1. Looking at this structure, is residue 241 part of a loop (DSSP other than H, G, I, E, B) and over 22 Å from the mean Cα position of the chain (by Cα)?
2. Within region 198-215, identify whether any single residue is in a loop (DSSP other than H, G, I, E, B) and surrounded by 15 or more Cβ atoms within 10 Å (Cβ to Cβ), and answer yes or no.
3. From the list 133, 78, which residue is in the same structural domain as residue 240 (by TED's automatic domain parsing) and in contact (Cβ under 8 Å) with a residue 24 or more places away in the chain?
4. If we keep just the residues of region 214-248 that are of a type in the set (Lys, Arg) and at pLDDT below 95, which is farthest from residue 175 (Cα to Cα)?
5. Suppose the filter is charged (D, E, K, R), under 19 Å from the mean Cα position of the chain (by Cα) and either crowded, with 24+ Cβ neighbours inside 10 Å or more than 27 Å from residue 255 (Cβ to Cβ) (or both); does residue 151 pass it?
6. Find the helices (runs of 4 or more DSSP H) located wholly in region 118-197 whose residues include 1 or more that are within 14 Å of residue 55 (Cα to Cα) and in contact with a helix residue (DSSP H, G or I) (Cβ under 8 Å, 6 or more places away or on another chain), and list them.
7. Quick one: which residue in 98, 42 is surrounded by fewer than 16 Cβ atoms within 10 Å (Cβ to Cβ) and either in a loop (DSSP other than H, G, I, E, B) or on the phi > 0 side of the Ramachandran plot (or both)?
8. Please find, within region 206-253, the residue that is nearest to residue 193 (Cα to Cα) out of those that are among the hydroxyl-bearing types (Ser, Thr, Tyr) and touching a residue at least 12 places away in the same chain (Cβ under 8 Å).
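The values are calculated or read from the model by the stated rules, or taken from the named source; none is laboratory data. Because the structure is a prediction, the values reported are computed rather than measured. Neighbour counts are summed over all protein chains in view; Cβ atoms, including those assigned to glycine, are modelled from backbone coordinates with ideal geometry.
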Amino acid sequence: MILWCYVTYWIHKACSGFADMIFGNKIALLSGDYLLSNSCVELANLRNQELVELMSSAVRDLAEAEFVGLRDLQNAPLPARPKSDTKDYDVLIADNIEPLAVGEAMGNAKAEWTVRHILNAGSLLGKSCQGTLKLAGHPEELQRQGYLFGKHLALAWQAYLDREPFTPGSFGSFSLISAPVLFALQHDPSLYDFIEKGLDNVEDVDYEQVRERVMVGPALELTKNLQNDHSSAALDMLRKLPDSDARTALQNIIAAMQD
């Protein structure tokens, strides 16, 4: 039931994307809202206040993700201007119910990417795993490990997806807040001049020139390392669980993302 919240969110996002082609934007969004409200009703029927609070914080994180950083006039996200004095930033807080400190991360490539994607997906998947273990009556430490597993799995998958537009022969637009772009900005802040052209509309950005600049620097290798770090962290969490078919299936999912 908790994972239903996760699925519902992505259905809601997908409906928005296909709206104009099939049903029209309003009907698509209303369909997503209906599914989301249904999942909330089912969650309430579980009559577990701690679980409701946990999943409510995940929905809050999803909403906050839509307001992080700059956006163009069409509401497409843009990266923050890179900082010259980046510091280590720990996004793993002791109480994952509390909001993340977003402002400190902006302009720091790794921290900004991590915060954006914890809010956008890592929080929901992690808290869904945590909530499932809570419902099953497992101890709090194992619930915490479940959260970390889901969070790292979501981040590993996102890093994997972020690399795809920069494979040889790729063309077209891509996310300007993807890990390769953020790492490239950190390495070469002058690249931000190309990003700023998208303040009115991201279509004004010369994507091919940005792609070329990203591919000649260290950004892709850093993104690969980022993916490997989160994949390894997710596997470490899994190894703390007893052997089972479910654990093997999850390990296979992670292995499928590796080069």
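1. On the way: part of a loop (DSSP other than H, G, I, E, B): yes; over 22 Å from the mean Cα position of the chain (by Cα): yes.
Considered against the rule, which asks whether it is part of a loop (DSSP other than H, G, I, E, B) and over 22 Å from the mean Cα position of the chain (by Cα), residue 241 comes out as yes.
2. Yes; the residues of region 198-215 include at least one that is in a loop (DSSP other than H, G, I, E, B) and surrounded by 15 or more Cβ atoms within 10 Å (Cβ to Cβ).
3. Only one candidate passes the filter, namely 78.
4. Of all residues in region 214-248, those of a type in the set (Lys, Arg) come to 224, 239-240, 247.
Adding the requirement that they be at pLDDT below 95 leaves 239-240, 247.
Numbers: 239: 33, 240: 35, 247: 32 Å.
It comes out as 240.
5. Details: charged (D, E, K, R): yes; under 19 Å from the mean Cα position of the chain (by Cα): yes; either crowded, with 24+ Cβ neighbours inside 10 Å or more than 27 Å from residue 255 (Cβ to Cβ) (or both): yes.
Yes, satisfied.
6. Of the helices (runs of 4 or more DSSP H) lying wholly inside region 118-197, those with at least 1 residues that are within 14 Å of residue 55 (Cα to Cα) and in contact with a helix residue (DSSP H, G or I) (Cβ under 8 Å, 6 or more places away or on another chain) span 123-135, 140-163.
7. 98
8. Per the criteria, the residue is 207.
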